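The values are calculated or read from the model by the stated rules, or taken from the named source; none is laboratory data. Worth saying up front: this structure is predicted, and the values here are computed from it rather than measured. Virtual Cβ from ideal backbone geometry, glycine too; neighbours counted across all protein chains shown.
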Amino acid sequence: MLTAHMTRSAILLTLFSVMGTGLVALTHALTKDRIAEAERAALLRSLHQIISEEQYDNDLFNDYIEVNEPEMLGSKEPVSIYRARQQGEPLAALITSAAPDGYGGAIKLLVGIYYNGTLAGVRIIAHSETPGLGDAIEAKRSPWILQFSGLSLQTPSKEQWKVRRDGGVFDQFTGATITPRAVVKAISKTLIYYQQNREVIFQQATQAKHPVESDHEPD
């Protein structure tokens, strides 16, 4: 009797497990397109904070490459580089580099660089810095990140791409030096990487499929 009861319980548990797995799979199938579209819209909003839609005429979201450059771009994972063009000519590259040495961990950046090497702008994509201190790197928290627009490796000089405490020209935050130091260093290294690889960045064939896209071909 006990054995029969245990058998029935095992069967019921198996059925519930199968049903649960099926529901998860069904939910994923029904929502993955919406999730992909939401991620696409969020990424485009970030890109457009740096390069406006009026400045380029190509498919910015899908004109991209991925590179592995952990030393210069701060990430062990492939880094996406989006290419903005106007009438087929290179306009700007938007590089999703990272500052691996933030106070709370890696800080993900979006660094926009015009073809001539001048910064179009920088935005913070994700971070785990201390609220009220390190989160001043966010544009919605303070204008600090906006100061990089229009700068380059020549203005200021490479040697001055540091926070003031380290002999550079960029302000650190009161009570928080590690975070701005990490961001300034990451931007500087991204600029150097761009300078060394500009032609390759714009000439390399685009990736076959965007990582934010869903698994099926677009309609």
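Of the residues I124, I178, which single one is among the β-branched types (V, I, T), over 26 Å from S52 (Cα atoms) and surrounded by 16 or more Cβ atoms within 10 Å (Cβ to Cβ)?
Numbers: I124 fails: over 26 Å from S52 (Cα atoms).
None of the other options fit; the residue is I178.
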Is there a residue being over 17 Å from Q49 (Cα atoms), in contact with a helix residue (DSSP H, G or I) (Cβ under 7 Å, 6 or more places away or on another chain), among the charged types (D, E, K, R) and buried (at least 19 other Cβ atoms within 10 Å of the Cβ) anywhere in segment 130-152? no
Hits in segment 171-200 - residues which are in contact with a Lys or Arg (Cβ under 7 Å, 6 or more places away or on another chain) and either among the hydrophobic types (A, V, I, L, M, F, W, C) or not assigned by TED's automatic domain parsing to the domain that holds V111 (or both): V184
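Matching residues to (1) polar (S, T, N, Q); (2) modelled with pLDDT under 95; (3) on the phi > 0 side of the Ramachandran plot; (4) not in a helix (DSSP H, G or I):
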site: S142; (1), (2), (3), (4): yes, yes, no, yes
site: Q147; (1), (2), (3), (4): yes, no, no, no
site: L153; (1), (2), (3), (4): no, no, no, yes
site: S188; (1), (2), (3), (4): yes, no, no, no
site: E199; (1), (2), (3), (4): no, no, no, no
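Would you confirm, using the coordinates I've provided, whether I65 is closer than 20 Å to N197 by Cα, in the same structural domain as Q195 (by TED's automatic domain parsing), surrounded by 13 or more Cβ atoms within 10 Å (Cβ to Cβ) and in contact (Cβ under 8 Å) with a residue 60 or more places away in the chain? Can you show your working first?
Numbers: closer than 20 Å to N197 by Cα: yes; in the same structural domain as Q195 (by TED's automatic domain parsing): yes; surrounded by 13 or more Cβ atoms within 10 Å (Cβ to Cβ): yes; in contact (Cβ under 8 Å) with a residue 60 or more places away in the chain: yes.
Judged against the criteria, I65 is a match.
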Residue count, segment 68-103, condition touching a residue at least 60 places away in the same chain (Cβ under 8 Å) and in a loop (DSSP other than H, G, I, E, B), comes to 4
